[in-house]
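Rule-based calculations on the coordinates, nothing more; no lab input. The model shown is predicted, which means the values in this text are computed figures rather than measured ones. All Cβ positions, even for glycine, are placed from backbone atoms using ideal geometry, and neighbour counts span all protein chains on display.
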Amino acid sequence: MTDAAPGAGAGPDVPPAAEPGPSTDAVRRDPDASYARAAAAPRVDDAEVAVVSAQLGRPARGNPAVVHRCVFGLPTVVRVDPRLDDGTPFPTTFWLTCPAMRSQVGRLEADHAMVGLNQQLGTDEALARDYAGGHERYVAFRDELGAPLDGDPGAGGMPGHIKCLHVHAAHHLATGDNPIGAWTIGAATPLPCAGPCVDVPGAAPTEDDASS
């Protein structure tokens with residue numbers, strides 16, 4: 001599988017620049033993405049809970065922590081707890097919050113990209129092995145956040161199937177450890193964006209993007 005979009009990083013600690021404006025490349029992979037960095041990300045404060053909720057169009061759940069940001073400094077991916085406050089299992093650890101990226105990935109799904117990817121998963125032993133390995137590390141990471149979930153459920157169809165490209169894109173942006181996510185990000189980027197999706201004072205593209 002070809003990983004087609006190597007871009008500059010825009011990790012959770014990258015601050016926004018001074019002036020807002022449109023971006024032709026709003027979501028970039030972070031070369032330093034890892035499970036360790038994703039684990040170290042602090043839970044968001046009330047103000048950023050409101051930002052994530054606005055992006056998702058529903059109240060943010062699972063005590064989110066931002067593990068990847070766009071060039072405007074806004075959340076792109078959040079990490080959540082494996083159980084909700086009432087104990088309900090919440091097996092999907094990484095959530096894609098960026099509305100523009102969610103829309104772009106949705107177009108890939110609507111174009112039946114998963115059909116070809118599942119066929120490739122069934123015939124490409126190296127891809128299947130890498131995908132299964134990513135699943136094992138995903139579950140191990142989730143278990144470190146809380147008690148293991150019954151049945152060790154995967155997410156997005158892992159380890160033997162592909163059901164949701166949004167899940168895999170989020171996993172890869174957060175950790176760099178999902179070959180299906182790598183393909184998805186490559187196919188969905190560069191991502192044009194007119195400006196911050198949520199009105200946050202000071203949100204702006206990074207300097208290298210603003211000058212491009």
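Separation of the stretch 118-135 and the stretch 23-56, taken as the distance between their Cα centroids, equals 27 angstrom. If you take all other residues with their beta carbon under 15 Å from the beta carbon of L56, and give Lys and Arg +1 and Asp and Glu -1, the sum is +3.
Working from Cα pairs under 8 Å separated by at least six residues, relative contact order for the stretch 52-91 is 31 percent.
Taken over the stretch 112-198, the ratio of Cα radius of gyration to 2.2 N^0.38 Å equals 1.18. Among Y131, Y35, a tally of other beta-carbon atoms within 10 Å of each Cβ gives an order, fewest to most, of Y35, Y131.
Averaging over all projection directions, find the projected area of the Cα convex hull of the stretch 44-121 and quote it in nm² with one decimal place. Write down the numbers at each step before the final one.
Details: hull surface 25.7 nm².
That works out to 6.4 nm², a quarter of the Cα hull's surface.
On alpha-carbon atoms, Rg over Rh for the stretch 35-198 using Kirkwood Rh?
Values: Rg = 15.3 Å, Rh = 16.1 Å.
Ratio value, two decimals: 0.95.
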